[in-house]
Amino acid sequence: MKNPVSFFCYFIFTNAAICQNSIKEYRHQAIEYGYIKEYKKVIDCYSKIIELNPKDSTAYLDRALTKQIIKDYKGAITDFTIRGKINPSEPDYFFLRGMLLQKMKDYKNAILNYNKTMKMEYNADAYRFRGQIKEICKDYNGAMKDYNKAASMSRYSEIYIDRGLLKSKLKDYKESLKDLNTATEIDPLDENAYYSRAQVYTKIKEFRNAIIDYGKTIELNNQEPKYYLKKILLEIKLNEKVNACNDLMLYKKYGGKLNIKLNCN
């Protein structure tokens, strides 16, 4: 008769191997379903992984991110929280939960999560997103400090766009344009940088420069109706009827709904 201890060990190791193979298969299936946007099936795959291994923190993370896509925000928060209990030293738990709470407009708890992130890791986005919340709450001084901190930690266009638009809101147009110029230099393919700068040029009545920037946004994304609309309104203001009519045709082609009074006959 076989040694019962040996048999038990064999049973345990064999089942563990089967379990690991099943987990790999479910992960593969989740990826495949993700490609075709079958998000509920993706969630089912991660749920099966969790059934096999309730301490698989990565499965909770991936399921939470997928739940966000289908706007199951409460379910996502629950999964982020469980992941945090499994791996309390992982700062991404607080950061990702903060982002989701910000999206849900639970600003107080979002800030608490960003604060915890900042204590655990060097994360410019935590300062940037906290700055966005402070700006929404009209704490402009606090927002500016956070944007400045983010800019000192990392150099990418979104930080300079956020700070530039805040400076514009505070009517510091010269410094606003400096930041937005920097954003276009950092990432010449960031359409939002040109769109944001065009808005500031419009505020200070530099309509020609604004039209040029709206033109650049259209070069980068020629299927966004609002870019054509903004450009058309300025072309009408400058009495550039031919250009406005050409843009009006494209505006309507790409789904523009606003009825613009313009005689193009």
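The values are calculated or read from the model by the stated rules, or taken from the named source; none is laboratory data. Quick caveat: nothing in here was measured; it's all calculated off a predicted structure. Here the Cβ is made from the backbone with ideal geometry for all residues, glycine too, and neighbour counts use every protein chain on show. Each accessible area value is taken on the protein alone, full model and side chains, heavy atoms only, with ligands, DNA and RNA left out. Shrake-Rupley method; radii C 1.70, N 1.55, O 1.52, S 1.80 Å.
Taking Lys105, is it closer than 30 Å to Lys74 by Cβ and at pLDDT below 95? Step through it out loud before you land on a result.
On the way: closer than 30 Å to Lys74 by Cβ: yes; at pLDDT below 95: no.
In short, no.
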Query - Counted residues, the range 239-265 - those being open to solvent by less than 90 Å² (accessible area, probe 1.4 Å) and of a type outside the set (A, V, I, L, M) - result: 10
Report task. Enumerate the pairs (first residue in the range 128-147 and under 18 Å from Leu96 (Cα atoms); second residue anywhere and acidic (Asp, Glu)) with beta-carbon separation below 6 Å, excluding pairs fewer than 6 apart on the same chain, so at least 6 apart or on different chains. Result -> Arg130/Asp146; Gly131/Asp146
Report task. Identify the residue in the range 148-162 that is open to solvent by 50 Å² or more (accessible area, probe 1.4 Å) and of a type in the set (D, E, K, R) and, among all such residues, is farthest from Phe129 (Cα to Cα). Result -> Arg155
**Report entry** Filter result for Tyr60 (buried (at least 19 other Cβ atoms within 10 Å of the Cβ), out of contact with any Cys (no Cβ under 8 Å at 6 or more places or on another chain) and within 24 Å of Gly98 (Cβ to Cβ))
**Finding:** yes
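Among the candidates Lys41, Lys48, Lys71, single out the residue that is open to solvent by 20 Å² or more (accessible area, probe 1.4 Å), free of Cβ contacts under 8 Å to residues at least 40 places away in the same chain, of a type outside the set (S, T, N, Q) and within 26 Å of Ala110 (Cβ to Cβ).
Values: Lys41 fails: within 26 Å of Ala110 (Cβ to Cβ); Lys48 fails: within 26 Å of Ala110 (Cβ to Cβ).
Every option except Lys71 fails the conditions.
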Query - Matching residues, the range 178-200, being free of Cβ contacts under 8 Å to residues at least 24 places away in the same chain, of a type outside the set (A, V, I, L, M, F, W, C) and crowded, with 24+ Cβ neighbours inside 10 Å - result: Asp179
Report summary line: Of the residues in the range 74-120 that are basic (Lys, Arg) and loosely packed, with under 15 Cβ neighbours inside 10 Å, the one that is nearest to Ala143 (Cα to Cα) is Lys108
Query raised in the report: Looking at the range 233-243, which of its residues are part of a helix (DSSP H, G or I) and more than 12 Å from Tyr214 (Cβ to Cβ)?
Result: Ile236, Lys237, Lys241, Val242
